[in-house]
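Every number in this text was worked out from the coordinates using simple rules, so none of it is lab data. The structure presented is a predicted model; accordingly, all values stated were derived computationally and were not measured. Virtual Cβ from ideal backbone geometry, glycine too; neighbours counted across all protein chains shown.
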Amino acid sequence: MVQQARRTQRLVPPLRHVATRTTTTQGGEARLDVICGLVSATAIAHLLWPRWVPIAGLIPWVVIGAVFLTLPRLRVLYTVTVFWLAVAVMIEWADSPYHEGAVVVATMLMMYPVSVSRSRHGVHGLGGDRMLSDLRDELSHLGEIPSLPPGWRAERAIATAHDQAFSGDFNVTVLDEDERILQLLLTDVSGKGQRAGTRALVLSGAMTGVMGGGEPGAVLAAANAYLARYGGREGFATAVHLVVDLVDGAFEVGTAGHIPAMYYDAGRGRWSALDGARGPALGFVEHAHYERVSGVLGRGDAILICTDGVVESRRMRIEDGIDWMLGRAEARMAAGFSGLVADLVSDGRAGAEDDRAAILLWRE
């Protein structure tokens, strides 16, 4: 009896796979039948009432087929379409719809590469768009700053180059179960726009695992080891890592090829750069060492971290951009910290040419 049960269990996964594949195949055949039927109905209607139903009416079905059909089924659909175009040409020889037929053929030639690309990625219909949207939302979710204990506030702002959907700048936020230790990691991967966005999607998962599974002081070293192993595929990245004890205000910050964190001392009423916590960019040196700067955030103090798109441009050095940023920050102090990062990212020196991101943490 036990052996029979085990044999049955071994059979269940293949049967489920066959059932799923059969259902998917039947669904694809049904879609092909429906669209081919619509193509035939449109073509016949054109032959019966050429003045009222133009042959260009085939174009919507050609486009829909490229979106929702697999590549082999799309070839069948396009074969049916070409057949009806040929029939229309032969029947209406004296007044053949060459121009409209050429438009239909041109549409097929444009949509076919789209279907080839979707087939190569294994997605059809709107599934690929939903998948990319989900990945983008997940990347944003990883960086969301949770509700902090009373007396602490934080804000972040991210803008993409040319308003593209994906950014090479991303952050990961981790707050421990006791809601005491807060970690903020702001990363800028090489490149920009969609190409950098794909690297950010991959790295964000790795960074989350590094931050959640080890000592905070070893996060940059672990991230660097990962990128050094897979640098050929992922490229290099810069990062700044901030760890704050939300009970006593003690903090540590380290940077990897990144611009330094900015510290606001409420007692002195001044901003300054934490320059002593610099190290090489992630992925360049396999066993790099990263120094960390420590301090204590008192009442009214703040720490600002940002990517180089905020302070660097083709016409301005990073040092000059940092002076500009601190000047903007000091000019806003009368209005408080809220809204500062949104203004800095919006007015970032790189403008729409580069991704921009900033995070501000302060103690009330």
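Here are some notes:
- Peptide packing for 329-339, 218-228, 65-75 was compared via the average number of neighbouring C-beta atoms within 10 Å per residue; ordered from the highest value, the list is 218-228, 65-75, 329-339.
- For the stretch 130-363, the gyration tensor built on C-alpha atoms gives a rounded shape. Its axis ratio a/c (a ≥ b ≥ c) stays under 1.5.
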